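The next block holds one structure in the form of structure tokens; read it before the comments.
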């Protein structure tokens, strides 16, 4: 089997995350990375204001999967579970660059990932999927 054809019908899910695994073996997503900088007291007032107002906007704009399924991010049940935006979630993706600018300003690496099949879907709504990644070969 070769690469998946990237024809226009193929949905490409999108995720922004650290290229490095954290102590729990996860690849922290963009929001977690910025929140970690805030917890460490590294954000400027302007950056923290951006973070707080946009985190609140995201909380209001779409569902936290763990409020629907409390076990969605449980490592025992769903090891390595990670959320991916659907490409149709344009309004949600539009605010991500502000977070990426904060990471860049602090020298925090991130990767933009796109995949038609990032893993086994354990949660889905109109803007996102949460998957357990496929086993790495």
Got at least one residue in the range 75-84 being surrounded by fewer than 14 Cβ atoms within 10 Å (Cβ to Cβ), under 21 Å from residue 135 (Cα atoms), in contact with a helix residue (DSSP H, G or I) (Cβ under 9 Å, 6 or more places away or on another chain) and modelled with pLDDT under 95? no
Members of the range 38-64 that are more than 23 Å from residue 90 (Cα to Cα) and touching a residue at least 40 places away in the same chain (Cβ under 8 Å): 42, 43
What number goes with the only condition from (1) closer than 21 Å to residue 20 by Cα; (2) buried (at least 16 other Cβ atoms within 10 Å of the Cβ) that residue 123 does not pass? (1)
For the range 65-74, how many residues meet the condition of being surrounded by fewer than 12 Cβ atoms within 10 Å (Cβ to Cβ) and closer than 11 Å to residue 125 by Cα? 1
Mind checking which residues of the range 65-120 are under 21 Å from residue 36 (Cα atoms), touching a residue at least 60 places away in the same chain (Cβ under 8 Å) and in a loop (DSSP other than H, G, I, E, B)? 106, 108, 109, 110
Residue 51 is checked against (1) over 17 Å from residue 12 (Cα atoms); (2) out of contact with any helix residue (DSSP H, G or I) (no Cβ under 6 Å at 6 or more places or on another chain); (3) in a helix (DSSP H, G or I) and fails just one. What number does that condition carry? (2)
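The values are calculated or read from the model by the stated rules, or taken from the named source; none is laboratory data. Source: prediction; values computed, not measured. No Cβ is skipped: glycine too gets one built from the backbone with ideal geometry, and neighbour counts run over all protein chains shown.
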